[in-house]
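A short worksheet on the structure shown next.
The values are calculated or read from the model by the stated rules, or taken from the named source; none is laboratory data. Note that the structure is a prediction, hence the values are computed from the model and not measured. As a convention, Cβ positions derive from the backbone with ideal geometry for all residues, glycine included, and neighbour counts pool all protein chains shown. Calculation scope for accessible area: heavy atoms of the full protein, side chains included, ligands and nucleic acids excluded. Shrake-Rupley method; radii C 1.70, N 1.55, O 1.52, S 1.80 Å.
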Amino acid sequence: MRDFAAELADRKQAGLYRTRRLVEGPQQPGLTVDGKPLLSFCSNDYLGLASHPDLTRALCEALPDTGLGGASSHLICGHHRAHHQLEERLAEFTGRSSALFFSTGYMANLGVISALAGRGDTIFSDRLNHASIIDGCVLSRAKVRRYPHGDVDALAEMLAQTGGHKLVVTDGVFSMDGDVAPLGELARLCRTHDALLVVDDAHGIGVLGPDGQGSVAALGLSEDDVPLLIGTLGKAVGTSGAFVAGPRLLTDYLVQKARTYIYTTAMPPALAAATCASLDLIAGAGVRRQRLQQLVLRFRQEATALGYRLMASETPIQPIMVGDNWRALALSRALEDRGIWVTAIRPPTVPEGEARLRVTFSAAHSDQDLDRLLAALAACRGLLDSSSVAAAPVVPDRVGAG
Ligand SMILES: *Cc1c(COP(=O)(O)O)cnc(C)c1O
């Protein structure tokens, strides 16, 4: 039998072992983690809505009408009015003809990509796309060509060399880098080469765009430009689930063909009602989006002045590039000793040699919270200079996933 224990030991040796931390209480910047208070800068709850009273109230108020369980898949008897209303709201919110509600973003990507591309087709996928896109590509059995990150010229060449049906898929906001894909150019290329463009805007929905409709809306792109828009609801929206928005023809097709839509139990319908309550808040959450902008701007100025290497990101995802796995773990641990929680993100989540601390901001962070982060970073800056850290690996018993 395969030596699983040896594989885990190797992982520990390489600084790649992942552990889970125990969180108590609602998700917010101040958390109790393994019994200790920590100030978190690693959540995707960008607007601070995950524990908003309007959302929990909407959930509780819906429960007597909907009950709890989804009971069956959408195609049997699980498609509740609450799900249907959410789909209509999502179509309206994104300015698309229709929307389809999935249980998670992971399942949406698997279902959409494997339904829309198959054997004999070619998928073009950005090298830094999310794991769920990579897995969807594998599941589709199509030929997969990964193009260099954001490189539209390289993609143009690949598209020109390839016949048959083509699908181009990209993150809108890249989850581990925070930059935005060149969506306007991608849309033009896809039109020229008759390729179907799919954008996964898990980290843009709620955060970017005039009313929080995401990176596609921020660039003024329509359903003609980006036919399929995928968004998740567990990040800035603060609830759970995902959606695919686009022309009725495509969402109808997905109802017939997307296996992760067809062969799974519908989400609790009350959750859909809570998500509608969140959408009510998001359009009017301009103040929260401005707050995020202020935090990001000040963080970038001051962390850069401290000598940290940031990435080309204007979004609430502000990774600090470190490189070495052990050094990233050491920095994460040193921050934790000062009460600050930022997880080290290591391969294979990011490319080899590009371990980083993924700092994320929430509109719920106060100026004092940011002061504390910057003071801790100032105190820990020396860790990136010394060569001692990389040479002396320690078993990472206190570091999180990623
Ligand atoms: C988080 C994420 C997903 C997965 O969404 P879940 O709803 O958490 O399953 C998909 N794509 C991207 C880019 C993500 O960051």
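Assorted remarks:
- For the listed peptides 270-278, 218-226, 28-36, a ranking on the average number of other beta carbons within 10 Å per residue, highest first, reads 270-278, 218-226, 28-36.
- Measuring r between the beta carbons of D194 and Y263 and using R0 = 35 Å, the FRET efficiency lands at 0.70.
- Projected onto its three principal axes, the C-alpha set of the chain covers 58, 55, 51 Å, listed from the longest axis down.
- Principal-axis tilt of helix 183-192 within the chain, Cα atoms, nearest 10 degrees: 40
- Highest to lowest packing among 331-341, 286-296, scored as the average C-beta count within 10 Å: 331-341, 286-296
- The lysines within cross-link reach of K143, meaning a Cα-to-Cα straight distance under 24 Å and a gap of 8 or more places when in the same chain, are K166, K257.
- Of the trypsin sites (Lys or Arg not before Pro) in region 80-156, those whose Cβ has at most 11 other Cβ within 10 Å and which sit in DSSP loop: R119
- Mean projected area in nm² (Cα convex hull; one quarter of hull surface) for region 185-259: 5.4
- Inter-part distance, region 224-301 to region 98-127, computed on C-alpha centroids, equals 16 Å.
- Surface composition of region 53-283: carbon and sulfur atoms hold 53% of the protein heavy-atom accessible area at a 1.4 Å probe.
- Once the Cα atoms are used to define both axes, helix 53-66 deviates from the longest principal axis of the chain by about 40 degrees.
- Note on A14 and V138: the extension gain reaches 42.0 nm, defined as 0.36 nm multiplied by sequence separation minus the Cα-Cα distance.
- Excluding ligands, DNA and RNA, the accessible surface per residue across region 1-150 is 52 Å² with a 1.4 Å probe.
- Of D179, D65, D324, the residue with the greatest mean-square motion in the GNM of the chain, using alpha carbon springs below 10 Å, is D65.
- Rounded to 10°, Cα long-axis angle of helix 325-337 versus longest principal axis of the chain: 80
- Longest to shortest principal axis, alpha-carbon extents of region 53-283, angstrom: 57, 36, 28
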